[in-house]
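Heads up, the thing below is written out as structure tokens.
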Amino acid sequence: MEPLLEVQNLNVRYRTRAGADVFALTEASLRIAPGEIVGVLGESGSGKSTLATSLLAMLPVNAAIDDGTVLLQGTNLLKLGRGELTRIRGSRISLIYQEPSVALHPTMRVGVQIEEILRAHSVDSRDERRHKVRELLDSIFVADAERIYSSYPHQLSGGQRQRIAIAQAIACKPNLLIADEPTASLDPVTQREILELLKKLQRERNLAILFITHSLELLDGFADRVVVMYAGRIVEDSDAREVLSSPQHPYTQALLKCRPRLERIENALSDSRIPVIPGEPPVLSSRVQGCEFEPRCPERMQICRERVPEFSNSENGGKVRCFKFGG
Amino acid sequence: MEVLLSAENLVKEYSSRHFSGVKALVRALDRVNLAIPRGARIAIVGASGSGKSTLAVCLACLEKPSSGTIRFQNHELTCLSVDELRSIRPQIQLVFQDPATAFNPNFTVLEVLEEPWILQTKMSAEERRERATELLVRVGLARNILGRGSADLSGGQRQRLAIARALALKPKVLILDEALSALDYSVQAQIANLLLDLSDRAIPLAVRPAIVLITHDLVMAARFADEIVVMQSGRIVENGPVQKIVGNPEHAATQALLACTMNGAPISEKRPAV
């Protein structure tokens, strides 16, 4: 299938105030099909948010893109001017963040804030805008859409505010929604509700979603495909079920092990400890010669220190960046 | 087992003033009864707004409850004077969610750790330095970071430092309010292990702190604690041993939390009942 979005060999580096470089994203390649939910799993500093913001060409000023392309249905977003980007943002790609209370204007009624997006994308009639927002709120909230329309952000709960942010993001019917940890500040019950809403939007509108998270259980049953990131690189890219049930890359395996599972709690009662990944992730201010995970890897070999592995096909049909599979 | 810290009929009300001038009372804790035995591992779980954090600050004597009593050993904390509380507070320590805002960013690691001793003891500077090094080792940090700025540490290192500071005065109860939630899973596992180490059953009861883990993460709660307390709308709705809460939950709030955290549970169109 023709991909909706194709990222090829993207390299992003930040220049710190001290003049040093931080290599936040290295050789990232990714394809998203129309209507596909792709989960990006990674820990702090793995480059997942840099990946998200570079897809919208919204990197901060101290960032430099050294190489790479971001093709949205064939158009390279990194080569577009500001005016063209403004037209694409919101109407073809949208972004929602972790903290909806920061994303919303505190003294504007939320309904009007959604209408603003429509106005920016030239829905000129006020009645038409209002009508569209009402329809949107009806589809996003189970009840009370009328009251919510004229509420201020502080009168809404965290989950409701995130729904408003989602309404803003999809108001102009984009094909791709980038969600950067959208449920991290919510409690588990609300988290599930937001995931269900996103799933519903994906089904009804054939909306592709790039869902960035550090929480692997959120992806279970939600994402179609999972991309695992470590130290600025994509290390595994596979079917979601495969990644979560039989991870291939040693990092993914270690990461899954250090998250307890409710099913196994019974055996854990014996005062045992949780498996951990020894050591800490590398500082990305210099490029290491070999695989970034090598110092912490239980299965490291001589070659891992010498060069970075290329992607190989794993047994479960995915791609893994590890010498165990060829490299 | 001997009960160390307990709450009886604890009520905490906050008044919230609406901008239209109407004053409303919010009951954050509603007749809460809880007993924390010496050296226990307890987890308090619940959705946002269920009163978990209010309970934490009340137990740590940072907020005065509206009514009800808190007992610590032989003292009734709710009727002690400020001076008397000063001698009790070191024994009940609180660690917060966000390690980034827990310290004065200008403080070095040593300054962070020695502050409790400066305020509460007459320890000499050398002794403080020595004890600080011991604490660092105990929480798994390198000895040579004493001179580093607290702001230069990673999230996991800071949370270790926060726990080290909480341990400085040898508390009998350590309360962690969402202290794992902001951390990556691999770091959460390390900190959870640290908490398991601190409350290891091999440590004699007299010196083993009771640990209260407040979280909305039922998975980590079940892995860490012996007993789980479930809260909803300011009340404790269910409590019991982990196997009972996870294996045979009775209250709808527990069942909803469990349904949301079950690994691999398919996402249905139906909203979980809360």
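Assessment of segment A:188-209 against the conditions (closer than 22 Å to A:ASN313 by Cα, outside any strand (DSSP E or B), modelled with pLDDT of 90 or more and facing chain B (nearest Cβ under 8 Å)) yields no matching residue. Within segment A:246-285, restricting attention to residues that are farther than 16 Å from B:VAL187 by Cα and in a helix (DSSP H, G or I), the residue that is modelled with the highest pLDDT is A:PRO250.
Regarding B:ASN144, is this residue of a type in the set (S, T, N, Q), away from every other protein chain (no Cβ under 14 Å) and part of a helix (DSSP H, G or I)? Here the answer is yes, as B:ASN144 does meet what is asked. Hey, could you check segment B:81-126 for residues that are hydrophobic (A, V, I, L, M, F, W, C) and farther than 27 Å from B:GLN188 by Cα and say which is farthest from the chain's Cα centre (by Cα)? Among those residues, the one meeting the criterion is B:ALA125. Going by what's in this entry, would B:ILE203 be described as more than 10 Å from every other protein chain (Cβ to nearest Cβ) and farther than 20 Å from B:ALA35 by Cα? Against the criterion (more than 10 Å from every other protein chain (Cβ to nearest Cβ) and farther than 20 Å from B:ALA35 by Cα), B:ILE203 qualifies.
For segment A:277-304, the set of residues classified as out of contact with any helix residue (DSSP H, G or I) (no Cβ under 7 Å at 6 or more places or on another chain) and aliphatic (A, V, I, L, M) consists of A:VAL283, A:LEU284, A:VAL288, listed by residue number.
Among the residues of segment B:170-193, those that are among the aliphatic types (A, V, I, L, M), farther than 13 Å from B:ALA225 by Cα and not in a strand (DSSP E or B) comprise B:ALA179, B:LEU180, B:ALA182, B:LEU183, B:VAL187, B:ALA189, B:ILE191. Of all positions in segment B:43-58, at least one carries a residue that is touching a residue at least 24 places away in the same chain (Cβ under 8 Å), hydroxyl-bearing (Ser, Thr, Tyr) and in contact with a Leu (Cβ under 7 Å, 6 or more places away or on another chain).
Within segment A:232-282, the set of residues being more than 10 Å from every other protein chain (Cβ to nearest Cβ) and charged (D, E, K, R) comprises A:ARG233, A:GLU236, A:ASP237, A:ASP239, A:GLU242. So for segment A:93-100 (the condition being of a type in the set (Ser, Thr, Tyr), within 29 Å of A:TYR251 (Cβ to Cβ) and in contact (Cβ under 8 Å) with a residue 12 or more places away in the chain), does at least one residue qualify? Yes - at least one qualifying residue is present in segment A:93-100.
Could we say that B:THR78 is under 17 Å from the mean Cα position of the chain (by Cα) and without any contact (Cβ under 8 Å) to a residue 24 or more places away in the chain here? Considered against the rule, which asks whether it is under 17 Å from the mean Cα position of the chain (by Cα) and without any contact (Cβ under 8 Å) to a residue 24 or more places away in the chain, B:THR78 comes out as no.
Can you tell me which residue in segment B:94-118 is surrounded by the most Cβ atoms within 10 Å (Cβ to Cβ), limited to those that are part of a helix (DSSP H, G or I) and at pLDDT below 90? Only one residue fits best here, namely B:PRO99. Out of B:VAL45, B:VAL26, one residue alone is part of a strand (DSSP E or B) and in contact with a Phe, Trp or Tyr (Cβ under 6 Å, 6 or more places away or on another chain). It is B:VAL26.
The values are calculated or read from the model by the stated rules, or taken from the named source; none is laboratory data. Please read these numbers as outputs of a predicted model, since none were measured by experiment. With ideal geometry, Cβ positions are generated from the backbone for all residues, glycine too; neighbour counts draw on all protein chains shown.
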